[in-house]
1. Check residue C:87 against each of (1) under 24 Å from residue B:196 (Cβ atoms); (2) within 16 Å of ligand 2 (Cβ to nearest atom); (3) crowded, with 23+ Cβ neighbours inside 10 Å and name the one condition it does not meet.
2. If a residue counts only when it is within 16 Å of ligand 1 (Cβ to nearest atom) and out of contact with any Pro (no Cβ under 7 Å at 6 or more places or on another chain), which helices (runs of 4 or more DSSP H) contained entirely in the stretch C:199-309 have at least 2 such residues?
3. Search the stretch B:235-262 for residues being more than 12 Å from every other protein chain (Cβ to nearest Cβ) and assigned to a helix (DSSP H, G or I), and hand back the single one that is surrounded by the most Cβ atoms within 10 Å (Cβ to Cβ).
4. Residue C:194 passes all but one of (1) crowded, with 20+ Cβ neighbours inside 10 Å; (2) more than 24 Å from residue B:201 (Cβ to Cβ); (3) not charged (D, E, K, R); which number fails?
5. Given the options A:453, A:441, A:430, name the one that is open to solvent by less than 10 Å² (accessible area, probe 1.4 Å) and either in the same structural domain as residue A:390 (by TED's automatic domain parsing) or not in a loop (DSSP other than H, G, I, E, B) (or both).
6. Out of the stretch A:288-306, which residues are open to solvent by 40 Å² or more (accessible area, probe 1.4 Å), farther than 18 Å from residue B:133 by Cα and not β-branched (Val, Ile, Thr)?
7. Would you say residue B:214 is of a type in the set (A, V, I, L, M), within 13 Å of chain C (Cβ to nearest Cβ) and open to solvent by less than 20 Å² (accessible area, probe 1.4 Å)?
8. Can you tell me which residues in the stretch C:333-368 are open to solvent by less than 50 Å² (accessible area, probe 1.4 Å), touching a residue at least 60 places away in the same chain (Cβ under 8 Å) and under 14 Å from residue C:287 (Cα atoms)?
Amino acid sequence: MSVRGRRRVLAAFTYAALVAPILAGLHIVGTTVRRVERHLLRTEAAVAAELVRETGDPQVLQSLFPDRWRISEEIDPTVDQAVVTWDHGGPQARAAIYDADSWSVVGTLHMERPAAGRPGSGLYLPIGTALAVLAAAALLIPVARAWTRAPVRRWLFPLGALLVITIPLASAGWSANARLAETTDARMQVAVQALEALPDRQTVVARPGGVYQLTGLPFMVRDADGNVVFSSLSSAATEDLAALPAPASGTSYADRVAYAVADVGQVRLALLPYAHTNAPTVPLVVLALIGVALAALFAALADLADRPRVFRRNVVAWSFLAPSFLHLVIFTIGPLLFAAWLSLHRWSLIDVARPFLGLANYVSILTDISWWNAIRNTAVFTLHVPASMALALALALIVQRRARGIVFLRALFFLPSITSLVAIAIAWQWMFHDEYGLLNWSLSLVGLGPVHWLTSTETALLAIMLMSVWLVVGYQMVLFQAGLAAIPRDLYDAARMDGAGPWRRFVHVTLPGLRHTLFFVLVTSVIGSFQIFGAVYVMTEGGPLHSTDVAVFHIYEEAWEFFRFGNAAAMSWILFAIIFVVTWLQFRTLERRTEEA
Amino acid sequence: MGGRVDRRSGGAAGRGLPHTTAEPPKRRPAGRTRRARTVAAWALTALLAATMLLPFLWMVSTSLMSELEIYRFPPRLLPAAAQWDNYPGALTARPFGRYFVNSFIFAVGVVLGQLTTAATTGYAFAKLEFRGRDRLFMLFLSTMMVPAVVVLIPRFLLIDHLGWVDSYAGLISTELVSVWGIFLMRQYFRTVPRELEDAGVIDGAGPWTVFWRISLPLAKPALATLGLFAFIEAWKNLLWPLIVTRSMEMRTVEVGIASFHGLFITNWPFQMAAAVTAVVPIVLLFLFTQRYFVQGIQMTGFR
Amino acid sequence: MSQAGQQRSPDTSVSLVAVEKYFGDVPAIRSLSIEVDSGEFVVLVGPSGCGKTTALRMIAGLEEPTSGEIHIGGHRVDDVEPADRNIAMVFQNYALYPHMSARQNLGFGLKMRKLPREEIDARVRRAAEVLGLAQLLDRRPAQLSGGQRQRVALGRALVREPSVFLFDEPLSNLDARLRVEMRAEIADLHRRLGTTMIFVTHDQVEAMTLGQRIAVLNEGALQQYAAPLRVYQEPANLFVATFIGTPTINTIEGQLATDAGRSVFRASDLTLAFPDAGYTGAAAIGVRPEGLELVNVGASDADLRSTVNRLEPLGNELLVYLDGPGERPWVARVNADSRCTPGELIGIRLDRRRIHLFGGEQQKRLATGTVA
Ligand SMILES: Nc1ncnc2c1ncn2[C@@H]1O[C@H](COP(=O)(O)OP(=O)(O)OP(=O)(O)O)[C@@H](O)[C@H]1O
Ligand SMILES: [Mg+2]
């Protein structure tokens, strides 16, 4: 391939990286808006059909949906619920009309889109697309001329790419959001008007599920004093919504709870705004980021087009790397960022409303006693690390002396840390048994105990720490042995010549020689112990009385017992920050000191 | 290649031997206290070894007792008559066979994935030249800092979104890359002389052929180490299978015995029988491959 | 330079044009231009770290030049992958594939080029016979001695029948006797094959005995590129003069001044006149050990005086190590039956025709032989 050819290929890739996310993003926005609009049309048909059934008088529709409804005698067996079909030029909805008993279908209601005034398919999509495509092309020109200049490569191009991609996506997202909000209003309006159009509203309201049947919306009914007498919402949502002030103009949005409400007499209707449920922010942001990153990468490699062998080498290297890199992005870096995003929202598997909360999750966690209890327990648990390290070091010093049987011994010490943790935890739980456990029996032999190992709040955590020491000490010992073996014999001999006793040799030769090993074991063990889960999960489930509730277990429960993913994500980020700081502190204080030593 | 293995494991498994022979036998200051100290060291070592072994022995012993026998004070150390029935009893109470198959498929899938990605990526970082290599390597390494729990929820949501919850794909896909493994392989590949690959290049082999025919065969010991660690890590993994599997048919051994534990909380012999069954394969695997573990630890300095 | 007999064979010349190589900011090769004719045996020689390996690796294509051009067989090859340059390389530490038998090692390159099996077997057998490896083909490198490994490495290059051979210090890991043997074998090989060969070494005996031309490198720059004798007799500069020749050339530093159309060199009590070199200032002269004649201290025609430090009788000749006359010790190569004893004060007479004058930029050789 010639230099020109390679340049063209690179330029094509760059262009694709720029344009593909724009097109994909606009497509996502477009389909979202269309889907929501179709949903609105279908809702209108459903409400209209219900209204006709309820009142028996089709003319009520005229004021609500002027000139865009029609009732035919035809009975389409395929139409039961309202459906939207795409007829010549636009979507049309049809719904079956039932008789007053809701027994038999008497006709079909046809509903069209309003001719004008309603959010339609604006021109922004084709125009925006064309502009974005042109802008991307324009961006390539200076780049193609100045491929090799570093500032262009490093800053200008990525910046340009960012603008070219984000401007159309952001504006599309923006206008989509506005239109989705309008649609939400319209949807609420339909429900409100339907209720108001009802001559005997009270009977419908009094009937269980009556309001829902008519409007398709969750609702609550309040008595004259404002007390909620009925609600089809969850109790938490009811509480939130009942507290909202009466909407001035029919609809009120409340960001924290992400509902729109409207009052019709005693009835308060609630609606999840589409803006919150459906605006595709996450995919748009992800697309934009991927596009910018790829375009910048291709542009950064562009000057290699002139150096075919270097170019080929880069391509080859990426063929080796790509799977891992993609995996890392998809399964680690992406999730890391996504967790941060989650932590700013109320996010649960069961509630479709996932409102943005800002730092509220963090604030509530940081003022939550149970979280601090978990952190405290985790920190206390981490104290087993120095204990096990001291023991492991002693073991390493003893065991290293004699050769025979060392292989067997080492295997023995290593065993706990590699076998099934759950099995070991079960075994220890049995050994910790209050009455029949091995430990209490041993204590009773020397006239002590019994200790309520796992059943007392005072000792449960201690018991788990004890087991953990047993668990890791062998593994640490193997590491220390490796470190000890690396200390030159001469140093000991020299110290001996200087008349240093065993203790001084230990302090002045062994410890300094082992400092890197010690440091690594400390850092990795502390990081590991901050993430303890299995032992707690199996042995105590955080009990008794939360005395063994540790951070990861707490997060696990928050997410998979209470389904509060946003909260759990915030907790996990806080834990990450704590681990990060602790590790950093260890580096600061210990590694620097050993460096000086 | 044989030479390399021997050198490493010689340093590991046989470390003590050269020292004992190399130590000058003449130097024997105050022979008696020295011997006393040796005996004390031996005794202490033996005691600690017993401590290490005790829970395992106790596990086995309890698994063979009858349900009545265990509730005795003082406890019996050995069953009056070995209740071998506990094993079939426990193992058929839940589909343990299925658990083992699942754990095995999970672990083998993870091993194959990690071997592939670690070998190729480690090789790229050790041997290939490309722009931004060192910075990218730092990025890879820095992800080792991220606690598993932070990415747990997003990973689950992703797997859920893909419809892979409660499937092998969901279990395995997130574990296909191990940055530690990449680091290990990189360290190992760096010890392969550059000239070997150059010779391959001049002989007409492309980059992938050089990797596959020359470098990879030389990295077999490192691959063995990584494979073992990956297998055991996967086998021991509790949190991820716990979250991503739902049905009984997809449980792994770890999740299986944990829930078994909850169900049969008072039937200790059954639980111990299940626990022993879970431990035995790993112990066997470990006993035959011990040197690769020590080797792995020494190669990277840490685990 | 090329012999008439080789004109018919295809063009396998190698040329480097103003090649530079930087590792980061560190220059390894500075503007190197060398032409190697088809079928020529050229030796790259220079002290450790001077860039010999780097130059060779660039010819092989294992390393890209930072700037400059490389041509093989008349074609520019900067964008050509090593595999397509039709070269073979023998590495300093053999670089035999440890996990393959000698046979597989020899055949690997052919296999990569998708030659038919029989052809590979035939070529491997032929190469093995030539190198006396026939009995060892099924052993792995670890089961071979150093010399045998060297032969396998050589064989691996041979079977490929390349147009250019590159050797990177192939003999440096062998003991002295084997080295001499292999040296002869390589020379023999070149005579038989008539292939272009580029041979890197820091051993000047190898350089002198093997090369039709030798290129002396220092700190990445070419110092001299000429036939071995020429390099020995007319070194381009002081570095070449010192680097080539054992024992080392004898030098003394002094000042050069112009006087009556001659350049006059003065160092303590020595004054020598050379043809006008157009240069004045610090300078040095160099005389090879065989250019010294030892005479009586009292002799009137002695140029310099010094004390004998020690003697090295080599049988056919005698090396006399002196303590001076300047700061550096000198050596004289004299008749085996010459008589002198350590500690003895002795006079030195210089062979006027063989005195080199060095001076100026990079201590260039300004003249050889004095004038009256
Ligand atoms: N990959 C590299 N990265 C950085 N510097 C290098 C690299 N390879 C070589 N160098 C430097 O380039 C210079 C030339 O090295 P080269 O290996 O060519 O020397 P050499 O003449 O072959 O020496 P020797 O006789 O010891 O083999 C040295 O200073 C060396 O440090
Ligand atoms: Mg070299």
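1. The one condition residue C:87 does not meet is (2).
2. Details: elements: C:204-210, C:228-233, C:238-243.
Because the criterion is at least 2 residues that are within 16 Å of ligand 1 (Cβ to nearest atom) and out of contact with any Pro (no Cβ under 7 Å at 6 or more places or on another chain), the helices (runs of 4 or more DSSP H) in the stretch C:199-309 that meet it are C:204-210, C:238-243.
3. Taking the candidates together, the pick is B:250.
4. Among (1) crowded, with 20+ Cβ neighbours inside 10 Å; (2) more than 24 Å from residue B:201 (Cβ to Cβ); (3) not charged (D, E, K, R), residue C:194 violates only (1).
5. Numbers: A:453 fails: open to solvent by less than 10 Å² (accessible area, probe 1.4 Å); A:441 fails: open to solvent by less than 10 Å² (accessible area, probe 1.4 Å).
It is A:430.
6. As a first pass, look at the stretch A:288-306 and keep what is open to solvent by 40 Å² or more (accessible area, probe 1.4 Å): A:289-290, A:293-294, A:297-298, A:306.
Narrowing the set further to residues that are farther than 18 Å from residue B:133 by Cα leaves A:289-290, A:306.
Correct list: A:289, A:306.
7. Details: of a type in the set (A, V, I, L, M): yes; within 13 Å of chain C (Cβ to nearest Cβ): yes; open to solvent by less than 20 Å² (accessible area, probe 1.4 Å): yes.
Criteria met by residue B:214.
8. Those that are open to solvent by less than 50 Å² (accessible area, probe 1.4 Å), touching a residue at least 60 places away in the same chain (Cβ under 8 Å) and under 14 Å from residue C:287 (Cα atoms): C:350, C:351, C:355, C:356, C:357, C:358, C:367.
The values are calculated or read from the model by the stated rules, or taken from the named source; none is laboratory data. Given the structure is predicted, the values throughout are model-derived calculations rather than measurements. Note that we place each Cβ from the backbone using ideal geometry, even for glycine, and neighbour counts take in every protein chain shown. Remember, those area values only see protein heavy atoms, side chains included, never the ligands or the DNA or RNA. Shrake-Rupley method; radii C 1.70, N 1.55, O 1.52, S 1.80 Å.
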